[in-house]
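Presented below is the structure to which this report refers.
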Amino acid sequence: MALAQKKNKRKSIQQSDPGKILYLIMSLTDHRCSDIQIRINTYLCEECEADLVFHVIVNCERKEAFIDTVGTVSLPRRTIVKLSPKLLETLRSKLDQAELLSNFEDDFKNVVMPYLPKDNAKRRVILMPVDGNPFAVIFCAVAPKIVESNVPLVIHECALFVWPTLKKTIALEYERCLKTKCQQLLRVAKRLFTQVASLETLLQMASDQAKNLFQAEHCVVLLVDVEKMELYESYSPLKHLSAPPDYQERRFPLNLGISGEVISTGMFINARTASEHPLFNSTIDCLPNVKCRNLLCFPIREQGGIIGVGQVINKIVDPYFDGMDEEMALAFSIYCGICIIHSAVFQKIQEAHIRNALATELVMYHMKVSDDEVASLMDCTGYHKNPLVAGLHFETRSLPLRELPCYALKMFTDLRLDKKFDIKPQKLACFILYVKKGYRDVPYHNWTHAFNVVQWAYASIINFRLLQHRYFNDLQALMYLVASLVHDIDHRGTTNSFQVLGRTNLAALYSSEGSVMERHHLAQAMCILNTEGCDILQSLPRREFDRAIMMLRDNILSTDLSNYYKNVGDYKVIAMDFQIGNQLHFTVLQSLLMNAADLSDQIKDWASVKKTAAAVLAEFFKQGELEKLRGEQPAQSMDREKCFIPDLEIEFLTTTVIPLYDLLGKILPQASTFSKTVVEHIEKWEHSKPVFAELPFPAGLAVLLSPELDTLIELNKQEAERLERERIEAELLAAQRAKEEAEEEEDEY
């Protein structure tokens, strides 16, 4: 071996013509890798007087070898050859080797022999390795006629100058090939993401796309059945092509074959000769009646772990799946896993949607308003012209409960909103009756409260002349009334914090958006508005309909006092310089009016205030008991054993109600008088403190409902006034005495 005797690589040229070397180097620019190899092959073939020269390019990291050109011929496609022991030995020794062509592997001979004369089997092949990372090359000269010991020297001297260019060109084409594969993979992923609606269709497309991507004959996706701890084939091409009528789904133990090992380790396995792999099991690692030559098996993952395995079987043309296929398999498995999970989630969402639709259908069936009820409401001949209904201080509890729907209907018609928006009387009547049935029988947030709120909204439109002064347009007035009517529909008598801390179904639906109960009220309202016969907004043009729904949403969400507290600073700024026609300012007025209507019980007479407080506290105390059952400590206001009612009411009126009506009064001056009424109620609560203090806290609700409370409050008020008069008289007397003493001292002086 001529080159083995050289201790160092020579930088000088002994066997080669420098002019030819220079000409060769100059000819290697701006060419494809195969063109460069052909030029090098031509040069070496002439210098070595060989029958044939070609390159075996080796990817050292992946232990893969391939041939692009043979002599002056560029092969139709890159041909992979097995990295035989002879080739491996040549690379490791870094020395030239000689071997008969007949002693090489069949795949190697099949590539080379078509380009040699027929009597070529016993020709010697000189192998000359050139080391590199990640790519190396083995120059192969077949039957050189010059002195055999000089052949490695000629190749070596040529490689000194051409190998850097050739190596960079090989790396460049590898990157281009990788880029092309990645683009194919992205196209595959795009197609997969369009099929998440059906898992079987998704797996069918994944199988077809994988066959194209990996150029394989077959592809199989096996999923993990967690309950049975088995692998199963959800989609099989055999099921749709050649399977018998009694075809059964294929299922396998989790630990069987190469697939079982992939599930166990989470690592892919590339069985280049499948039958020789120790774990290969034809039952699971291949399809029935298919001979498995090679197999690439990879895990399919999602965030929680492995959900299946993918198998690509029998590489077309090439003898095995190469390293690039392995990289593509890992990337493909991620996309496939994401799509499978998305498909499963999509199906669960569809099922949940269907269940929700069925549940809604059931609820609407039990809420269903009969034609007789609608007709009875429309044909009612009762007296519904109580002039006080349009008053801002009207006590709605004075009306018979059965007549409330009639008055609600009258509010819409009195403002001619039904005519302005072409709302059919039957639809409006049906809508009101559906809303009435949508309220639960809870102490406070019930149909009576809803009517109270819509009555105040109606009264505010009239008394504040919101339409005449252009604070509201017709659509805004309509949605103000609708929102007031539905703002607490299906209220469960519990607060948002109760829902969130209890992780209820409502909290699961809405807690990420905030205002859990208000969003539920909005959803229920939309359900009724979308019900045939109740769709009172149907005649609105699309843009007006969208604006109406946005106003409905904003109105209902504004009744969550946490939103009011959060935005009250901005409200104060806008209230100081309110501008009619400004959309932001309208939104603030809309929010203040909704809250004013919601809390309007507090500006009515003392009897109404007491009844409201009793109803609210009944809900609070019931929630407190539920929280105790859950092992939680309720807030003091929710605990009947700790709540001192007058303090709670005074705090609420002082911190929330008075500031709210003061703000509203800055925009609508007529509303500024409401605070005076609230202050009077605060005085009554102050005078009630001695009455409540005489009994234990748990008896507070009974005290509030006692008919004697007002008498005791009046007595306490008179006693307080008497004490105040005595204090004033004492102060005046003291001042008079001090004055007289001062005058006496002055006279003496």
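Pairs, please: C-beta under 7 Å, at least 6 apart or cross-chain, first residue in contact (Cβ under 8 Å) with a residue 60 or more places away in the chain and in segment 154-172, second of a type in the set (D, E, K, R) and in a helix (DSSP H, G or I)?
Every condition considered, the pairs that remain are Val154/Glu47.
Read through the list (1) among the hydrophobic types (A, V, I, L, M, F, W, C); (2) surrounded by fewer than 21 Cβ atoms within 10 Å (Cβ to Cβ); (3) closer than 26 Å to Ile489 by Cβ, then give the number of the only condition that Phe620 fails.
(2)
How about segment 304-318: which of its residues are part of a loop (DSSP other than H, G, I, E, B) and either touching a residue at least 12 places away in the same chain (Cβ under 8 Å) or at positive phi (or both)?
Matches in segment 304-318: Ile316, Val317, Asp318.
Checking Asp601 against (1) loosely packed, with under 15 Cβ neighbours inside 10 Å; (2) closer than 18 Å to Ser688 by Cβ; (3) of a type in the set (Asp, Glu): exactly one of these is not met. Which one?
Going through (1) loosely packed, with under 15 Cβ neighbours inside 10 Å; (2) closer than 18 Å to Ser688 by Cβ; (3) of a type in the set (Asp, Glu) one by one, Asp601 breaks only (1).
Looking at the structure I just gave you, is Tyr235 crowded, with 19+ Cβ neighbours inside 10 Å and either modelled with pLDDT under 85 or touching a helix residue (DSSP H, G or I) at 6+ places or on another chain (Cβ under 6 Å) (or both)?
In short, yes.
Just checking: which of the helices (runs of 4 or more DSSP H) contained wholly in segment 647-749 hold 1 or more residues that are among the small types (Gly, Ala, Ser), at pLDDT 90 or above and in contact with a Ser or Thr (Cβ under 8 Å, 6 or more places away or on another chain)?
In segment 647-749, the matching helices (runs of 4 or more DSSP H) lie at 658-667.
If you check Thr711, Thr673, which single one turns out to be within 30 Å of His585 (Cα to Cα) and surrounded by fewer than 19 Cβ atoms within 10 Å (Cβ to Cβ)?
Just a single option satisfies the conditions, and that option is Thr673.
Yes or no, residue by residue, for (1) in the same structural domain as His469 (by TED's automatic domain parsing); (2) within 38 Å of the chain's Cα centre (by Cα); (3) more than 27 Å from Val703 (Cβ to Cβ); (4) β-branched (Val, Ile, Thr):
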| position | (1), (2), (3), (4) |
| --- | --- |
| Gln602 | no, no, no, no |
| Asp605 | no, no, no, no |
| Gly624 | no, yes, no, no |
| Arg630 | no, yes, yes, no |
| Glu649 | no, no, no, no |
| Leu663 | no, no, yes, no |
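Which of the residues spanning segment 597-611 are under 15 Å from Ala459 (Cα atoms) and polar (S, T, N, Q)?
Hit for segment 597-611 is Ser600, nothing else.
Scanning for something in a loop (DSSP other than H, G, I, E, B), of a type in the set (Val, Ile, Thr) and modelled with pLDDT under 90, does segment 202-225 turn up at least one residue?
Scanning segment 202-225 turns up no residue that is in a loop (DSSP other than H, G, I, E, B), of a type in the set (Val, Ile, Thr) and modelled with pLDDT under 90.
From the list Val486, Val568, which residue is touching a Leu at 6+ places or on another chain (Cβ under 9 Å) and not assigned by TED's automatic domain parsing to the domain that holds Asp418?
Answer to the check: Val568.
Yes or no: Leu501 modelled with pLDDT of 95 or more and hydrophobic (A, V, I, L, M, F, W, C)?
In short, no.
Search segment 425-445 for residues being free of Cβ contacts under 8 Å to residues at least 60 places away in the same chain and surrounded by fewer than 17 Cβ atoms within 10 Å (Cβ to Cβ), and hand back the single one that is nearest to Arg492 (Cα to Cα).
Per the stated criteria, the residue is Arg440.
In segment 526-581, which residues are surrounded by 14 or more Cβ atoms within 10 Å (Cβ to Cβ), free of Cβ contacts under 8 Å to residues at least 40 places away in the same chain and of a type in the set (A, V, I, L, M)?
Correct list: Met526, Ile549, Ile574.
The values are calculated or read from the model by the stated rules, or taken from the named source; none is laboratory data. Computed from a prediction, not measured in an experiment: that's the story for all the values here. FYI the Cβ positions are ideal-geometry reconstructions off the backbone, even for glycines, and counts take in every protein chain you see.
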